[in-house]
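J.: Supplied in structure tokens, the structure appears directly below.
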Amino acid sequence: MKKNNIVYIIKSLLPAAVFLCGTVRAQQQWTLEACRKMALENSRNIAAAEKTEEKAGYEAKSYLSNFFPRISASAAYLYTDASISKSIPENYLPTFIPDPATGQLKPNIMTTPDGLPVTGPDGKPVFREYAFFPGMKLDLGLNGTYFAGLCAEQPLFTGGKITSAYRMSLAGRDITRLNRQLTRAEIIVETDEAYWLCLKAIESHKVALAFRRTVNELLQNVDDACRAGMKTKNDMLKVQVQANRAELQVQQAEHAIRLSKLNLCRVTGISQEANLALAESLDAGGDDVLRTTDFTARPEYTMLRKQVELKTRQVQLVRSDFLPQAGIAAGYGYTNGPKLNGAPIFNRVSFSALVTVTIPVFHWGEGMNKIRAAKAEKQIAQLQQDDMSEKMALELRQALDRCEESTLEVSMTARALEQAEENMRTSRDHYEAGMETLAAYLEAQTLWQQAWLDMIQARTDRRLHETYYLKAAGLL
């Protein structure tokens, strides 16, 4: 009968065992590097930074095009009912005859025998012959005039404006690339924080379970002793308070695990329904980190240098506005119209060229003041670079010190945990032998739990300080 019962129990538990095995296999082991990769791939901030860098690259190419001629095609057609009419009245025109001595034309004026010109009543000379002009009517029509052609423009000298603007665009493109690197480092830091805090919550849950198990064992022993009349009701209540506290801590640890996993899923872009299992451990770390005090690899430092370069180019750009400008333009097109008395005045293809030179002469100090303002902005950027460089050096030194302190704290909390475990064992033995009070044993349990939590916190801090140091050194 017993054999049949055992077989029945095994058959009953077999589906549950298969389900548990499937659940374990369904858990995907996530390393820190895998979480970093997922966070970088799914980050909207990284996507925005990449688009900003792409935009800056296109802007640099657009500024590069200013070095080359601009070719444009244009066409125009005019429709209007307006016209211009003008009449030249008929008249008599004086005549000229050639001078045999000089070959030049001279007025054909009547002269007296003395050689003096004959004048009329109005005092004007009288010509021997007059030519009759019958008059003319002129009609100028604008309707139907059209033009089509090509034009090429090439700047010859712009005072360095085009070069300065292009170099500024290159500096801006470099700044966006560095900003993407900075965004990447910040996402890695956020991912590391979420990962290690999640692992801390998991380890803290183990502590809470171990503490509850220990307190429940004591509660069972005290309850048995109380029933036997060997312990008082007051002792039972003391242990019950400790058991309630342990139960609350287990629930709080479970909530912390759930929230920390949700936060890790949010940072990495993993589905919140995923059954996460973290592959890393808080035990190792800290010994293989390269120590350096050089912070020049940080993208923030290079961005500050690029800002100074940008302001330097801006000074040149402002100065170019007050230097001579020269350019050339050439056009080739066909023009038809306007029409004079029904016949077009222009009806052919033509070529034209234009050279322009502009020299600023006097602007009441505008150029000098603008240049001085641009130089002041450059000096401000330089001062900001110097100030931030000192702060970054201090930040790196502080991060390095905290790494060393956290490594020391890990070893100290590990020794404190060993001492707390030994103290709890000793206190339990003395309590069971009647040589120590229940309150002292409960305090030993609390000290053991706190020492374990302190060790977990120290290991978590060491992991986080490693990440903070790598970011401060520009090594992420």
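The values are calculated or read from the model by the stated rules, or taken from the named source; none is laboratory data. The shown structure was predicted, so the numbers you read here are calculated from the model rather than taken from an experiment. Counting neighbours? That spans all protein chains shown, and the Cβs are built from the backbone with ideal geometry, glycine included. Note: areas computed on protein heavy atoms with side chains; ligands, DNA, RNA excluded. Shrake-Rupley method; radii C 1.70, N 1.55, O 1.52, S 1.80 Å.
J.: I'd like the full set of residues that are closer than 15 Å to Asp235 by Cβ and either crowded, with 17+ Cβ neighbours inside 10 Å or at pLDDT below 90 (or both), limited to the stretch 441-454. Write out each step before concluding.
T.: Narrowing the stretch 441-454 to residues closer than 15 Å to Asp235 by Cβ: 441-443, 445.
Once the filter is applied, which keeps residues that are closer than 15 Å to Asp235 by Cβ and either crowded, with 17+ Cβ neighbours inside 10 Å or at pLDDT below 90 (or both), the stretch 441-454 yields Tyr441, Leu442, Gln445.
J.: Those residues that are touching a residue at least 40 places away in the same chain (Cβ under 8 Å) and either small (Gly, Ala, Ser) or touching a His at 6+ places or on another chain (Cβ under 9 Å) (or both), I need them from the stretch 102-142; list them, please. Outline the logic, then answer.
T.: We begin by selecting, within the stretch 102-142, every residue touching a residue at least 40 places away in the same chain (Cβ under 8 Å); these are 132-142.
Across the stretch 102-142, the qualifying residues are Gly135, Gly141.
J.: Go through (1) in a helix (DSSP H, G or I); (2) out of contact with any helix residue (DSSP H, G or I) (no Cβ under 8 Å at 6 or more places or on another chain) and name the single condition Gly434 misses.
T.: (1)
J.: When the residues of the stretch 427-440 are narrowed to those that are touching a residue at least 12 places away in the same chain (Cβ under 8 Å) and surrounded by fewer than 17 Cβ atoms within 10 Å (Cβ to Cβ), which ends up nearest to Thr292 (Cα to Cα)?
T.: Step one: list which residues in the stretch 427-440 are touching a residue at least 12 places away in the same chain (Cβ under 8 Å), which gives 427-428, 438-440.
The next check asks that each one be surrounded by fewer than 17 Cβ atoms within 10 Å (Cβ to Cβ); those that pass are 439-440.
Values: Ala439: 50, Ala440: 48 Å.
If we take residues in the stretch 427-440 being touching a residue at least 12 places away in the same chain (Cβ under 8 Å) and surrounded by fewer than 17 Cβ atoms within 10 Å (Cβ to Cβ), then Ala440 is nearest to Thr292 (Cα to Cα).
J.: I'm told Ser281 meets every condition in (1) open to solvent by 30 Å² or more (accessible area, probe 1.4 Å); (2) assigned to a helix (DSSP H, G or I); (3) among the polar types (S, T, N, Q); (4) within 30 Å of Asn216 (Cβ to Cβ) except one. Can you identify the failing condition by its number?
T.: (2)
J.: Then there is this: Counting only residues that are of a type in the set (A, V, I, L, M) and over 60 Å from the mean Cα position of the chain (by Cα), which one in the stretch 405-442 is farthest from Asn221 (Cα to Cα)?
T.: Narrowing the stretch 405-442 to residues of a type in the set (A, V, I, L, M): 408, 410, 412, 414, 416-417, 420, 424, 433, 435, 438-440, 442.
Filter once more, keeping what is over 60 Å from the mean Cα position of the chain (by Cα): 433, 435, 438.
Details: Ala433: 13, Met435: 17, Leu438: 12 Å.
It comes out as Met435.
J.: Got a sec? Which of Lys370, Lys375 is in contact with a helix residue (DSSP H, G or I) (Cβ under 7 Å, 6 or more places away or on another chain), more than 25 Å from Phe67 (Cβ to Cβ), assigned to a helix (DSSP H, G or I) and open to solvent by 70 Å² or more (accessible area, probe 1.4 Å)?
T.: Unique residue meeting the criteria: Lys375.
J.: May I pose another question? Only one residue in Ala208, Ala185, Ala194 is open to solvent by less than 20 Å² (accessible area, probe 1.4 Å) and under 30 Å from Val239 (Cα atoms), so which one is that?
T.: Numbers: Ala185 fails: under 30 Å from Val239 (Cα atoms); Ala194 fails: under 30 Å from Val239 (Cα atoms).
After ruling out the rest, the residue left standing is Ala208.
J.: In the stretch 84-170, which strands (runs of 3 or more DSSP E) lie fully inside it and hold 3 or more residues that are closer than 30 Å to Ser320 by Cα and open to solvent by 40 Å² or more (accessible area, probe 1.4 Å)?
T.: 145-157
J.: Is it the case that the stretch 455-465 has a residue that's over 30 Å from Glu186 (Cβ atoms), assigned to a helix (DSSP H, G or I) and open to solvent by 50 Å² or more (accessible area, probe 1.4 Å)?
T.: Filtering the stretch 455-465 down to residues over 30 Å from Glu186 (Cβ atoms) leaves none.
The answer is no; no qualifying residue exists.
J.: Take the stretch 1-33 and flag every residue that is modelled with pLDDT of 60 or more, loosely packed, with under 15 Cβ neighbours inside 10 Å and either part of a helix (DSSP H, G or I) or among the hydrophobic types (A, V, I, L, M, F, W, C) (or both).
T.: The answer is Glu33, and nothing else.
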